[in-house]
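As C-alpha cells, the structure follows; a few thoughts come after it.
The values are calculated or read from the model by the stated rules, or taken from the named source; none is laboratory data. Bear in mind that the values here come from a model prediction, so they are computed numbers and not experimental data. All Cβ positions, even for glycine, are placed from backbone atoms using ideal geometry, and neighbour counts span all protein chains on display. Heads up: the accessible areas ignore ligands, DNA and RNA and are worked out on the full protein's heavy atoms, side chains in. Shrake-Rupley method; radii C 1.70, N 1.55, O 1.52, S 1.80 Å.
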Amino acid sequence: MLEYQTTLKARCSLSGIGVHSGKPVSIHFSPAEPDTGIVFQRIDEAGTGRVIRALASEVCQTDLCTALGDARGEFVATVEHLMAALLAVGIDNVAIEIDGSEVPVLDGSAIGFVDAFEQAGIATLPIKRRYIRVVKPVRIDNGGSWAEFRPYDGTRFEVEIDFDTPAIGRQSLGLDLNAANFRQEVARARTFGFIKDVERLWAAGYALGSSLENSVVIGEDHKVINMEGLRYSDEFVRHKMLDAVGDLALAGARFIGCFRSYRGGHRLNAAALRHLLTDRSAYEIVETTRREQGRRAEMVAVSAPVYAPWTL
C-alpha cells in the first residue's frame, strides 16, 4: 500500500472513437494537485466547462457502460476502462480534458491507457493517501446475480460469470490487484458482445462504434468470429474483472478488502459500491503510519474530513 498520493509526471493524450457513439474523440491527461482526485472536463462545443468528478455520486447511467454527470445534459460515458487503468497503475490525481461525450474505446481493453500512463510517468505527492478499509461483509442480491465486499488484507477481486453459450459458459477469476498483475492478467482483455444483438443495440443508439478492431464478437454459431481469436482462453471473465475494477475506482479512495461478484455488470457493481458507502459501519478510513527502519508500514484509522468524496 503506497503511503503518499500520486499524479502524472507529464501530460499525455490519446485519440480514438467512442464504442457506443461511433464519434471520434481525443482525451488529454494532465498532472493535478493533491486531493484533486480524478476530474473530467468537456472541452467540445457542447461542453460548459463544468468539472465532473469521477465518483460514485456522479454515476448517471449503467446500461452497457458507466457514465458520469447528467444523463440529460453534460456527461462522460464509458469511463470504466480508463478508471481501471488509473486505479491499477496507482494514479490518484489527474485532470482530464475530453472533446466529446465518450472516452475512446481504443482496442476495447485498458492496455492503451496503461501504456500511456506508464510512459508519462508517475510522480509522488507530499500528501498521504487514504484508503477505504472494509470491516464487515456487505452484500447485494439481484435475481440470480450478487456482489459483495468482505474484509481482506489487500485489494482483491473475485469475479464469476455464467453465459448460456458454449463460447463462454461459466468462468471465474481471482486476483490480488497490483500494477503488474493488472497489466499481465487483465489489462488486455477486450469488451465483447453477440452478433445477434447488433441490430437491437444500433436501434437503441449503442455500439455504433463497435467493430472487430475493438470488440470480441460471438457469432450465431457460438464461435468467436475475430480472426485472431482470444487474447486469453478466458478473456470474457478477465474483461468483466476489468470493468469491476473501473467501476469500483469511483469510490473516491482505494479500498482494502475483497470484492466478489457472480453474473455482475456495471449496474450491479455500482449498486454494491453504493451499498458499501452508505453503510458507515461497514468501512473505516485509514492511512499508513510513518515507516520505521526495518518495520512494515501499518494502516491506522483516521478521522474523515467534513467533506469526504467517498460518502454518498
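In terms of the Cα gyration tensor, with a ≥ b ≥ c the square roots of its eigenvalues, is the range 101-154 rounded because a/c is under 1.5, prolate because a/b exceeds b/c, or oblate? It comes out oblate by the Cα gyration axes. At the listed q of 0.10, 0.17 Å⁻¹, the Debye profile of the range 58-165, built from one uniform point per Cα, gives log10 I(q)/I(0) equal to -0.42, -1.18. Normalised radius of gyration (Cα atoms, divided by 2.2 N^0.38 Å) for the range 115-185: 1.53.
Got the relative contact order for the chain handy, in percent, Cα pairs under 8 Å and 6 or more residues apart?
Reported relative contact order: 24 percent.
Counted over the chain with a bin width of 10 Å, the fraction of Cα pairs per bin, in whole percents, is 6, 27, 37, 23, 6, 1, 0. Determine the shape class of the range 243-289: with a ≥ b ≥ c the square roots of the Cα gyration tensor eigenvalues, call it rounded for a/c under 1.5, and otherwise prolate if a/b is greater than b/c, oblate otherwise. It is prolate, given that a/c is not under 1.5 and a/b is the larger ratio.
Here is the list for the range 11-120: GluC sites (Glu not before Pro) lying in DSSP coil, each with at most 14 other C-beta atoms within 10 angstrom of its C-beta, are 45. For the chain, the per residue solvent-accessible surface stands at 46 Å², with DNA, RNA and ligands left out and a 1.4 Å probe.
Once the Cα atoms are used to define both axes, helix 111-120 deviates from the longest principal axis of the chain by about 40 degrees. Against the main long axis of the alpha-carbon atoms of the chain, helix 266-277 sits at an angle near 20°. Mean sequence separation of contacting Cα pairs (under 8 Å, at least six apart), scaled by the length of the range 96-161, corresponds to a relative contact order of 18 percent. The equivalent ellipsoid that matches the C-alpha gyration tensor of the range 10-117 spans semi-axes of 18, 16, 14 angstrom, in descending order. Per the Debye calculation on the range 220-271 with a single equal scatterer at every Cα and no solvent contribution, log₁₀ I(q)/I(0) for q = 0.14, 0.27, 0.32 Å⁻¹ amounts to -0.49, -1.10, -1.30. A simple spin-label model places pseudo-atoms 7 Å from Cα toward Cβ; at residue 28 and residue 141 they are separated by 5.1 nm. Derived value for the range 106-265: Kirkwood hydrodynamic radius 17.3 Å. Basis is the mean of 1/r over every pair of different alpha-carbon atoms. The trypsin sites (Lys or Arg not before Pro) of the range 1-92 that DSSP puts in a loop, and whose beta carbon has at most 14 other beta carbons within 10 Å, are 9, 11, 50, 72. Extent of the range 153-227 along its three principal axes (Cα atoms, max minus min coordinate, largest first): 45, 26, 25 Å. When the trypsin sites (Lys or Arg not before Pro) in the range 124-197 are filtered for DSSP coil states and for at most 10 other beta-carbon atoms within 10 Å of their beta-carbon, no site remains. Using the Cα gyration tensor of the range 174-302, with a ≥ b ≥ c the square roots of its eigenvalues, what is the shape: rounded (a/c below 1.5), prolate (a/b larger than b/c) or oblate (neither)? Cα axes put the range 174-302 in the prolate bin. With both residues required to sit in the chain, DSSP beta bridges show an antiparallel share near 70%. The C-alpha atoms of the chain define a longest principal axis, and helix 80-89 lies at about 40 degrees to it. Ignoring lysines fewer than eight residues from residue 23 along the same chain, the ones with Cα atoms less than 26 angstrom from its Cα are 196, 240. With contacts defined as alpha carbon pairs under 8 Å and 6 or more residues apart, what's the relative contact order of the range 130-198 in percent? Answer for the range 130-198 is 19 percent.
Would you mind telling me the share, in percent, of accessible area of the chain contributed by carbon and sulfur at probe 1.4 angstrom? Taking all protein chains in place, the chain shows 49 percent carbon and sulfur surface.
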